Amino acid sequence: MVARSNIAAVLDQGARDHPALIVPNRFSLSYSRLRELTDEASLALASYGIGKGDRVALVLPNGPEAIVLFLAASKIATACPLNPAYKEEEFRFYLEDVAARFLVVPPGDGEAARHAVPQGATVIEARVDSDGRLHMNRDGHGRAVDSFENSSEGDIGLVLHTSGTTSRPKRVPLRHHNLAASVSNIIATYELGPEDVSLCVMPLFHVHGLIASALATFASGGTVVAPDRFTPLGFWPLMQAHRPTWFTASPTPHQLVLARLQEDRPAGTERLRFVRSCSAALSPAQMALMEQRFGVPVLEAYGMTEASHQMASNPLPPEPRVAGSVGRGTGVDIAVFDEGGAAVPAGMPGEVVIRGPNVMRGYEDNPQANANAFVDGWFRTGDLGTLDSAGYLRLIGRIKELINRGGEKIAPREIDDVLEAHPAVKEAVAFGMPHPTWGEEVAAAVVLSAPATEKELIAYSRQRLADFKVPKRLYIVDSIPRTPTGKVQRRFVADQFSRE
């Protein structure tokens, strides 16, 4: 288990010579070397005067730099990882919003972030060479130091933002004890140990890849395989070369991998124990195909930034896993409340609420959001769901994304599932469009894998849905807009087609 003093203590669990981090086509680092690198990076950051309370923005690609600099920054200050694909204006918002005093980028890279850096902030270049040595620029700002002060369990180790798919992104401050609790929950859920090898598919600027793929594996003494980037073509060579015991991703990467897999249990799956899916809904059909192809259980989980990632998961066998459910609470209390803040009977829909040591205390500098986000110590997730008598949670959709057609509340995911069951439909996203009589009318965008017409798909839906749920308009598109972690941007899709 993770020591509760500092998230960098995740590295204390690994045996000295055991491989901690493998960077394909570059190098492998033992736990002893990764600990040394993290301490070297912490000293280098401290030489710039970085200490507790300072916000260190990290704009780094997946790989050793992202991991080492996150551990170092959180160890002595507060790490703020950002998506390297952001444009200059996006960087300007996030850097100013977190009040970043320092920006860490690769040498000669991160131009948009450099242009957006707040006045007076220091830009630091960092890289890990092919021989596993750390290099950080010394441009006159630094001074030699031989020690640094570790953060404590109550300090903020990580600041991320909500996805902002339905509102302005909010700052989420996660303290070391929040992160440590989540890491411990993940280890316990999947029985992770030193023999486990995790293939890191998700980006390390997001809580999914950072906490589940990387930190939980380190804290169990296992090995993280961290390629520079995920590509569907490169996935199977990595599987064959490193033979991971598990990996976790959102449904989109899973879909891309499956599209290139036409056989069951191919080379590279010999050591797999399970595959995890999180960050967006996984259709039962896709789950069944994944289990057939990989030959192992697919465990759908439920996570969000405000809870330091994981809140619920389907369990490992022999415990039952339920297709269409995100499982049971994992070290987290879960309930379903009605609009008045009272718990509803098992099986009845309502808002999913959570509480536990991994949950943030509140959004940063946002009292209005906090007043809406908490009720009697429970955090309101904004998700609509049902909880059965065995404690398995089913998510129906985001409350803000419900379609209100003349007073009838329609969960768009139900329509997604029906359309995606059609053999010609690869992806579907339902949403509400303005209507002069009903307020909102049901529409959907679909990506096809085989020829089909709008009329045919609407007729198919009419056979399986009540009339008021049937899409009145279908848009056949090449792709569905998603966030970098695979979440569907329904509001963006709705706004796009409402203007047509």
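All of the numbers you see were taken from the coordinates with simple rules; none came from a lab. All of these numbers come straight from a predicted model, not from anything done at the bench. Note that each Cβ is placed from the backbone with ideal geometry, even for glycine, and that neighbours are counted across all protein chains shown.
Quick notes on this structure:
- Pairs of Cα atoms farther than 19 Å apart, the range 231-334, %: 41
- Here the residues VAL197, VAL145, ranked from fewest to most Cβ neighbours within 10 Å of their Cβ, fall in the order VAL145, VAL197.
- Dipole magnitude (debye, nearest 20) for the range 305-435, charges at Cβ of Lys, Arg, Asp, Glu: 100
- For GLU300, the residues whose amide H sits under 5 Å from its own are SER277, ASN314, ignoring neighbours fewer than 5 places away on the same chain, with H placed 1.01 Å from N.
- Annotation for the range 42-94: trypsin sites (Lys or Arg not before Pro) lying in DSSP loop with at most 16 further Cβ atoms inside 10 Å of their Cβ are LYS52, LYS87.
- Residues listed by number, the range 69-97, amide nitrogen under 13 Å from GLU40 label point at 7 Å toward C-beta: 69
- Candidates per trypsin sites (Lys or Arg not before Pro) in the range 158-202, loop by DSSP, up to 10 other Cβ within 10 Å: none
- For the range 402-498, the percent of C-alpha pairs falling in each 10 Å distance bin, counted from 0 to the bin holding the largest distance, reads 16, 53, 28, 3.
- Among beta bridges that DSSP assigns inside the range 1-399, antiparallel share in %, nearest 5: 55
- The range 157-236 and the range 81-156: distance between their alpha carbon centers, rounded to Å: 20
- 20 Å reach of a label modelled at PHE93, 7 Å along Cα-to-Cβ, counting backbone N of the range 363-401: 363-370, 400-401
- In a DSSP loop and with at most 12 other Cβ atoms within 10 Å, there are no GluC sites (Glu not before Pro) in the range 281-330.
- In nm, spacing of pseudo-spin labels at ASP12 and PHE468 (7 Å Cα→C-beta vector): 5.8
- With helices as the sole contributors, the chain gives -7500 deg cm²/dmol at 222 nm; each DSSP H run of n ≥ 4 counts as -39500 (n - 2.57), and the sum is divided by every residue.
- Residue-span extension gain [ASN150 to SER449] - 0.36 nm each, minus C-alpha spacing: 102.4 nm
- The relative contact order of the chain comes to 11 percent, based on Cα pairs under 8 Å that sit 6 or more residues apart.
- Residue-span extension gain [ASP129 to ALA288] - 0.36 nm each, minus C-alpha spacing: 53.0 nm
- Counting neighbouring beta carbons within 10 Å and listing from fewest to most, the residues HIS135, HIS242 come out as HIS135, HIS242.
- Angle of helix 64-76 to the longest C-alpha principal axis of the chain, folded into 0 to 90 degrees and rounded to 10: 70°.
- Label-zone membership for the range 41-81, site ASP109, 7 angstrom Cα→C-beta point, backbone N under 19 Å: 41, 57-73, 80-81
- Taking Cα atoms only, the orientation of helix 176-190 departs from the longest principal axis of the chain by about 60 degrees.
- Projected-area mean, the chain, by convex hull of Cα positions, square nanometres: 23.6
- Once the Cα-Cα distance is subtracted from the 0.36 nm per residue extended length, the SER479 to ASP388 segment shows a gain of 29.3 nm.
- 0 to 90° range, to nearest 10: angle between helix 232-242 axis and the chain longest Cα axis: 50
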